[in-house]
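Step one of this worksheet: look at the structure below.
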Amino acid sequence: MAEEKSKRGSIGMSLKGCQTNNGFVQNEDILEKDPDPGSPGDSRQHSAVSILGPEEPDLKDIQPYAGMPKEVLFRFSSQARYRVPREILFWLTVTSVLVLIGATIAIIAISPKCLDWWQAGPMYQIYPRSFKDSNKDGNGDLKGIQDKLDYITTLNVKTVWITSFYKSTLKDFRHGIEDFREIDPIFGTMKDFENLVAAIHDKGLKLIIDFIPNHTSDKHAWFQLSRNRTGKYTDYYIWHDCVQENGITTPPNNWLSVYGNSSWHFDEIRNQCYFHQFTKEQPDLNFRNPDVQEEIKEIIQFWLAKGVDGFSFEAVKFLLEAEHLRNEIQVIKTQIPDTVTQYSELYHDFTTMQVGMHDIVRNFRYIMDQYSTEPGRYRFMGTEAYGDSIDKIVMYYGLPFIQEADFPFNDYLTRLDTPSGDRVFEVITSWMEHIPAGKWPNWMIGGSDRARLTSRLGKEYVNIMNMLLFTLPGTPITYYGEEIGMGNILATNISESYDADTLLSKSPMQWDNSSNAGFSEGNSTWLPTNSDYHTVNVDVQNALPGSALKLYQELSLLHANELLLSRGWFCYLRTDNHSVVYTRELDGTDRVFLIILNFGESSLLNLKEVISKIPTRARIKLSTNSTSEGSEVDTHAITLDKGEGLILEYNTKNLLHHQTDFRDRCFVSNRACYSSVLNILYSLC
């Protein structure tokens, strides 16, 4: 039986009695009838070729059929009519893949760098003690900020910036820090902070916080160990011998504190003087000590590990002092040295911007970069160096191939104390002319250390300053309450030691017209609310068309949606004591925004005198006067009231930054061109 099966399975088995496989068999269960030996079918059957026989079969008359063995398939596949289409399809596939790869590489190569989160939208700065009180103790806290995140999202901001909340002795607005790793109990607990970080990220927002590396509180454990000369902490601060007789200290030199008088203070425990750039309760750390730099590095890493998205590094220009301790030069050389007590009376060449200071800032950047490798988790770094000239401040951007800050905070608009088109123009152009090529600008109109906008310029200029903020190139930064036009409070007495000039801009946020302006349900608040809170508050303005808050929301939404504002060129056209006029335009589109801001009395403006080829009619895209939005104006004669601002929109092929007459008056921070056909941005303009 086995032998019989073997014969049946033999490769060379004769096909006698078999039929040619003509493909699909409808029903294999039906037995084939044995044909008559003399029939034609029998003849065809016996003439079938033995496919697997020892002799090579003749395939001339055989057609391809289903289930044919590979030997037959290979014979057919080699025929030209099958081979050529197959090769054509193969090379078309290869070519298509190569074209797609090449197109992808080309798009990547010509595409401009995407705007990062800190460039794509506004930052909202919060002084936490004055934003929202959640536990009725009269002090704003971290839970209060979390409770108001829904409101913050209505402002279309991208980043929440919280000023100092570390455990502190409350000197100089919480900048005298006792412990860099602890939350001050006034603001809550570390768990509250962790919950806030999670909630901010859940809203799609980012969080940056203040960090003050220059000094600590005199209550800090490091200082207590240093004044006792304990181990490595001995030189954590800047100590020097000085003379103390009859309660009078003769300091090592004439260096002065920012707040006036000598920057040296005698310590009776160590029997030496320590150096402080600010108050005597805030001794300066010795950044020439590697152990101090390592401590600061670990603190930065601690907060980054908590989920913080970036820092504002405060007072960085004070990080190093000259080691030689020579006297600084008097501004008025004839002034009697003993009468020089004010900070402005000396040139601070030995106590600020010392050689090596930028190396420390670059080390901060290096730490941030180590936590920026995860996609979408870039860590932002800003620096504060207020009071310096612009040419010194822009140095914090770093060098072409050595980055420092993403940007140093630009507070020059917060220094405006009178409404003037010329002054606004000067601030804008001086910053844009000094900023290094390819770097990103930023603008703020208020801050925790400045008088509020309405108190400096007047309530009628709130809207046009916010319009200016959102139509300039770069990142807009808003100090809490500026979106509703809050003003300074009147001078008040409190039990804590503060700089009165900066105290008045820190009054509680005005949420509604209830008790304490909705800031707190407690019996009292740490600072009084402004007397105008019944009309200047979030609830009232939310329900009022044309309010400062409504305009702010429209401006922030326009900024988020318009490439002209986020990517476009800035060209200034005209300035005088009354008005500022500039355009925002983008290569690849013929749409242009023209912004007019009137800082003077009512005036009539003829734009044809400024732009000869401007269309006769232009549409009002946005206005400080909400009733005029969507209408058209005659560009020959535009009437503007005091404090009025317009964003006009028109179409033209004659972009100003291409014209020789305007080229020197146009700036761009992150150049890009728009393709309306492909709906993409590209950089090879």
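The values are calculated or read from the model by the stated rules, or taken from the named source; none is laboratory data. Keep in mind that this is a model prediction, so the values were computed, not measured. Note that each Cβ is placed from the backbone with ideal geometry, even for glycine, and that neighbours are counted across all protein chains shown. The area values use the complete protein model at the heavy-atom level, side chains included, leaving out ligands, DNA and RNA. Shrake-Rupley method; radii C 1.70, N 1.55, O 1.52, S 1.80 Å.
Just a few scattered comments:
- Solvent-accessible surface (1.4 angstrom probe) belonging to residue 220, in square angstrom, nearest 10: 10
- Packing, taken as the mean count of other beta carbons within 10 Å per residue, orders the peptides 159-170, 287-298 from highest to lowest as 159-170, 287-298.
- When the square roots of the Cα gyration tensor eigenvalues are ordered a ≥ b ≥ c, the ratio a/c for region 452-556 is 1.5 or more and a/b does not exceed b/c, which makes its shape oblate.
- Tail weight of P(r) past 18 Å, computed on alpha-carbon pairs of region 568-682, percent: 51
- For Rg/Rh (Cα atoms, Kirkwood Rh), calculated from these coordinates, the label among [x] 1.24; [y] 1.08; [z] 0.99: [x]
- Only Cα pairs under 8 Å and 6+ residues apart enter the sum, and on that basis the relative contact order of the chain stands at 11 percent.
- Residue 215 contributes an accessible area of around 0 Å² to the protein surface, as traced by a 1.4 Å probe with all chains present.
- The alpha-carbon of residue 392 sits under 13 angstrom from the alpha-carbons of these aspartates and glutamates, leaving out residues fewer than 8 places away in its chain: 349, 384.
- Packing, taken as the mean count of other beta carbons within 10 Å per residue, orders the peptides 97-104, 327-334 from highest to lowest as 327-334, 97-104.
- With Cα atoms defining each centre, region 296-342 and region 534-587 are spaced 36 Å apart in the structure.
- Carbon-plus-sulfur accessible fraction, the chain (probe radius 1.4 Å, protein heavy atoms only): 52%.
- Subtracting the Cα-Cα distance of residue 75 and residue 617 from their residue separation scaled by 0.36 nm leaves 187.4 nm.
- Tensor-based shape of region 227-314 (alpha-carbon gyration tensor, a/c under 1.5 rounded, otherwise prolate or oblate): prolate
- Point-to-point label distance, residue 628-residue 109, nm (Cα→Cβ direction, 7 Å offset): 5.0
- Cα-based reach from residue 550 at 30 Å (exclusive), listing lysines while leaving out same-chain residues under 8 positions away: 132, 136, 143, 148, 158, 203, 206, 459, 506, 621, 642
- Computed helical MRE - 222 nm, the chain, DSSP H runs ≥ 4 contributing -39500 (n - 2.57), nearest 500: -7500 deg cm²/dmol
- Protection proxy ranking, highest mean first, for peptides 111-117, 79-85: 111-117, 79-85, where packing is the per-residue count of other beta-carbon atoms within 10 Å, averaged.
- FRET efficiency, 1/(1 + (r/R0)^6) with R0 45 Å, evaluated for residue 602 and residue 232 via beta carbons: 0.10
- Accessible surface, per residue, of the chain when the full set of protein chains is kept, probe 1.4 Å, Å²: 47
- Theoretical gain in end-to-end length, residue 101 to residue 335 [0.36 nm per residue, Cα-Cα removed]: 76.9 nm
- Under the criterion of Cα pairs below 8 Å and six or more residues apart, the relative contact order for region 240-366 equals 23 percent.
- Gain in span if fully extended, residue 136 to residue 92, counting 0.36 nm per residue against the direct Cα distance: 8.5 nm
- Shown for the chain are the DSSP H helices of 24 Å or more along their axis, judged by Cα atoms, with a mean Kyte-Doolittle hydropathy of at least -0.5: 80-110.
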